[in-house]
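Below is one structure. I have some questions about it.
The values are calculated or read from the model by the stated rules, or taken from the named source; none is laboratory data. Everything quoted here is computed from the prediction, not taken from an experiment. Every residue, glycine as well, gets a Cβ built from its backbone with ideal geometry; the counts of neighbours run over all protein chains shown.
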Amino acid sequence: MDKTPGDFTVHVVGLGLMGGSLAMALRDRCRRITADDVNPDVLRTAQAQGVIDGVGLNGGADVVVLAIPANQLVELIPQLSIPAGTLVIDLGSTKTRICAQLDRLPGDVFAVGGHPMCGLAENGYANAIPTLYKGAHFVLCETARTTDAARQQAEALACAVGAVPLWMDREQHDYLTALTSHLPHLLSFALMRLAMNAADEDPALYDLAAGGFDGATRLARTNADMITGMFSTNADQLRRLLPRLRAELEHFETLLDNVPGLQQDLGEIVQARRAYTASHGERPIS
């Protein structure tokens, strides 16, 4: 496990947006890339484009990357047959349940939980880009199968695609991403559902929709399978936060007839949001 990224042979399971973009980013930074996907057309396209060198785990790999929805990962990991000495790393959007399955892999297999903090609203290989990971934090979580060498190799993989490794406890990750990622997705879907029902009553709704509506509902364009996996494998943390979100909505409802109070609260929030942008930058909306 002392190889450098240029020596890696990598096998990617799932050539969607995340897996496809990872393979593209690694194309000139590792020795060989193979893949599996449920869609044979995707595999043919990726091979014809030179993104992957072959199909299937024939001959094994130094690193196996699991890039499928989180709920499918929970089901797949116990069925894996991985050669001894291989590092398994997943790209799932939740970590507690997935890492619990990685903990149970055979003792001669290495494993690290992973979650790159990047993406696009549209999924699938057709939307994959080699720069997707550039500058993004790549969360890494220890498992019972994580050794010092596995840590180094996982960090090397993250750096090879242009990301910044960030080690974090699995439960801390799931709580924080529930607030910063999963709740925003839930809000986007809920608002779009409300708009769908309202548009049935008055079709003029969409004629008036503009940038604010588009920005607030763009996450509702995301692949339903991925979001199902996200919500279902992090349900406990979402339930923990939803009462607090409802309280915030109810608080704003009480301020609708209190203009001075509304203005003060909004001003404090605008200031906090602008300070966040100044210190952390602004990710492009896609």
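Evaluate the following for residue 146: is it at pLDDT 95 or above, touching a strand residue (DSSP E or B) at 6+ places or on another chain (Cβ under 8 Å) and either outside the structural domain of residue 106 (by TED's automatic domain parsing) or assigned to a helix (DSSP H, G or I) (or both)?
Criteria not met by residue 146.
Restricting the search to the stretch 116-155, which residues are of a type outside the set (D, E, K, R), surrounded by fewer than 19 Cβ atoms within 10 Å (Cβ to Cβ) and over 25 Å from residue 281 (Cβ atoms)?
124, 126, 144, 147, 149, 152
What number of residues within the stretch 35-55 are part of a loop (DSSP other than H, G, I, E, B) and within 24 Å of the chain's Cα centre (by Cα)?
Residues meeting the conditions: 5.
Next question, about the same structure. If a residue has to be over 9 Å from residue 96 (Cβ atoms), in a helix (DSSP H, G or I) and not aromatic (Phe, Trp, Tyr) to count, how many in the stretch 166-182 make the cut?
8
Taking the condition within 14 Å of the chain's Cα centre (by Cα) and among the hydroxyl-bearing types (Ser, Thr, Tyr), does residue 180 pass?
In short, yes.
In the stretch 196-246, what residues are assigned to a helix (DSSP H, G or I), among the small types (Gly, Ala, Ser) and either touching a residue at least 40 places away in the same chain (Cβ under 8 Å) or loosely packed, with under 11 Cβ neighbours inside 10 Å (or both)?
Hits for the stretch 196-246 are 211, 212, 215, 229, 232.
Does the stretch 19-32 contain any residue that is part of a strand (DSSP E or B) and assigned by TED's automatic domain parsing to the domain that holds residue 116?
For the stretch 19-32, residues part of a strand (DSSP E or B) and assigned by TED's automatic domain parsing to the domain that holds residue 116: present.
Each row is one residue, and each column tells you yes or no for (1) crowded, with 18+ Cβ neighbours inside 10 Å; (2) more than 15 Å from the chain's Cα centre (by Cα); (3) farther than 16 Å from residue 138 by Cα.
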position	(1), (2), (3)
18	yes, no, no
33	yes, yes, yes
64	yes, yes, yes
67	yes, no, no
103	no, yes, yes
